[in-house]
Amino acid sequence: MSTQQQEPETQEAPEDPEMKGAESPQQRRLKEKEQGLADEESVDESDLEGETVHIKVFRYDPEVEDKQEPRFDDFHVPFEKGMTVLDAVMYARDEYDSSLTFRHSCRQAVCGSDAFFVNGTQRLGCKTQISDLEQPVRIEPLPHQEVVKDLVVDMDHFYDQMHAVEPYFQQEDLPEGDLEEQRQSRENREKVKMSTRCIWCAACMSSCNIAAGDNEYLGPAAINKAYRFAMDEREDEEIKEHRLRILEQEHGVWRCQTQFSCTEVCPKDIPLTEHIQELKREAVKKNLKFW
Amino acid sequence: MSQSYNRGLIEDFGRWKEFSAGMWAWIFHKFTGWMLIGYLFTHIAVLSTAIGAAQGETVEVFAEDLPNVEGTGLTEVDIYTATLGGLEGLFIVRLLEVGLLAVAVFHILNGLRLLMVDLGIGLEAQDKSFYASLILTGIITVASVPTFMMGVGF
């Protein structure tokens, strides 16, 4: 239940494994890992090792005459174990067509630049194993955003929405004393933990059917960002009210119709719908008066 | 930025095969909602043709034609009975009644699911609760068929 604070994750405490003759958690994890690796290898070797992966990549470039009409290009990329969608398009760019354009940076699901529409779902290119996908792998730019070139979409609108919720900590009264810190309780940190993981990749916004039809809707990412600060106990009550005033507007939280599309695609597994629903309840509570 | 390409919204319905449970639940909920509103107005329109029954308005019908009129031959019944009997005698109306039940039951069950979602209960199981409401709707609809179709094929 999202109104309650999440249980802090407890660490598995090993209870003297030697005494009981049982394996320690670490041994168990190592074993599982080995098992998992073995399974993966068998799948890879039988299916893909030494083969090529067929990818179809969306191409569009307003400045090149041939590419003004959007089309799909086919690439056959040699498969390597552990290859991600991003690795595949990078290989295609490096070896076959240097004009293939896409955003990428950290390659470890932190920077949030390489969200693509892969086989009909918004996914992070660097986080999606190509062996998990059905071939040919169709790689398109994020839907519901203007395509600038190939896989690059215009993110301005998304960033505008993100900034609209004032995504920064606002607290006027600082604790006295030079070395005093603004402490957050562990429980409160757990509560906002998932919401802090947003990497601004815009996968959720792109998957949201409502955001597609309503350009003014804040969108799941921005509301999640607002949740992160509205639920932070270190901010004053007035600031929380100010945040809720932004959210409870016509194109704020109430546009969400709980399709769960954003929650399904979020590469960081943020429970976006849950956060939006909780803010809806907060907005109601703020305005509910019994007299 | 000089130029960009808008891929439009069409793909949304073009990729219906890739929709997730939550999306289907949303579509079905909208669809059943509109169906129920449509039914409401049809209901009012049809029944308003029988308003005269309150003033004792009657019509002459052949009792054999109407399932809800007893006796044989030309009988005088009030207009309400005649209207309803005329409708109930049609196979398509019985079929639509089953459809109405299915639509209403799904809308109720999914409405309960949405209520739970609004209260923040069991959001992790939202897909399962959607499937559950679908299955329950199916069961209730099938179970209702003998009752609704009595006299017209059953």
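The values are calculated or read from the model by the stated rules, or taken from the named source; none is laboratory data. Because the structure is a prediction, the values reported are computed rather than measured. A quick note on method: Cβ atoms are made from the backbone with ideal geometry, for glycine too, and the neighbour counts reach across all protein chains shown. Accessible surface areas use protein heavy atoms only, side chains included; no ligands, DNA or RNA. Shrake-Rupley method; radii C 1.70, N 1.55, O 1.52, S 1.80 Å.
So B:Glu18 fits all but one of (1) surrounded by fewer than 14 Cβ atoms within 10 Å (Cβ to Cβ); (2) modelled with pLDDT under 80; (3) over 30 Å from A:Glu146 (Cα atoms); what number is the exception? Of (1) surrounded by fewer than 14 Cβ atoms within 10 Å (Cβ to Cβ); (2) modelled with pLDDT under 80; (3) over 30 Å from A:Glu146 (Cα atoms), only one is false for B:Glu18: (3).
Of the residues in segment A:65-86, how many are open to solvent by 50 Å² or more (accessible area, probe 1.4 Å) and under 30 Å from A:Tyr159 (Cα atoms)?
Residues that pass the stated criteria total 4.
Taking the criterion of being more than 8 Å from chain B (Cβ to nearest Cβ) and either in a strand (DSSP E or B) or open to solvent by 10 Å² or more (accessible area, probe 1.4 Å) (or both), the residues of segment A:141-150 that qualify are A:Gln145, A:Lys149. Scoring B:Pro67 on the criteria (1) in contact with a strand residue (DSSP E or B) (Cβ under 7 Å, 6 or more places away or on another chain); (2) away from chain A (no Cβ under 14 Å); (3) surrounded by 12 or more Cβ atoms within 10 Å (Cβ to Cβ) leaves a single failure, condition (1). Kindly indicate whether A:Phe158 is open to solvent by less than 40 Å² (accessible area, probe 1.4 Å), outside any loop (DSSP other than H, G, I, E, B) and closer than 30 Å to B:Lys17 by Cβ. Answer is yes for this residue. On the stretch given as segment B:105-115, residues that are open to solvent by 30 Å² or more (accessible area, probe 1.4 Å) and away from chain A (no Cβ under 14 Å) total 3. I'd like to know if segment B:67-82 contains one or more residues that are of a type in the set (Gly, Ala, Ser) and assigned to a helix (DSSP H, G or I). There is at least one residue in segment B:67-82 that is of a type in the set (Gly, Ala, Ser) and assigned to a helix (DSSP H, G or I). Filter segment A:119-138 for residues that are touching a Gly at 6+ places or on another chain (Cβ under 8 Å) and away from chain B (no Cβ under 11 Å); which is surrounded by the fewest Cβ atoms within 10 Å (Cβ to Cβ)? Per the stated criteria, the residue is A:Gln129. Which one is modelled with the lowest pLDDT among residues in segment B:116-154 that are open to solvent by 70 Å² or more (accessible area, probe 1.4 Å), in a helix (DSSP H, G or I) and within 14 Å of another protein chain (Cβ to nearest Cβ)? Taking the candidates together, the pick is B:Glu124. Taken over segment B:23-54, the criterion of being open to solvent by less than 40 Å² (accessible area, probe 1.4 Å) and either over 17 Å from B:Val103 (Cα atoms) or in contact with a Pro (Cβ under 8 Å, 6 or more places away or on another chain) (or both) is satisfied by B:Met23, B:Ala50, B:Gly52, B:Ala53. So A:His157 clears everything in (1) in contact with a helix residue (DSSP H, G or I) (Cβ under 9 Å, 6 or more places away or on another chain); (2) modelled with pLDDT under 90 except one condition, right? Which one? Status for A:His157: all satisfied but (2). Scanning segment A:160-216 for residues that are free of Cβ contacts under 8 Å to residues at least 40 places away in the same chain and of a type in the set (Gly, Ala, Ser) turns up A:Gly177, A:Gly213.
With the checklist (1) under 30 Å from A:Asp269 (Cβ atoms); (2) of a type outside the set (Phe, Trp, Tyr); (3) under 13 Å from the mean Cα position of the chain (by Cα) in hand, flag the one item B:Ala125 doesn't pass. All conditions are met except number (3).
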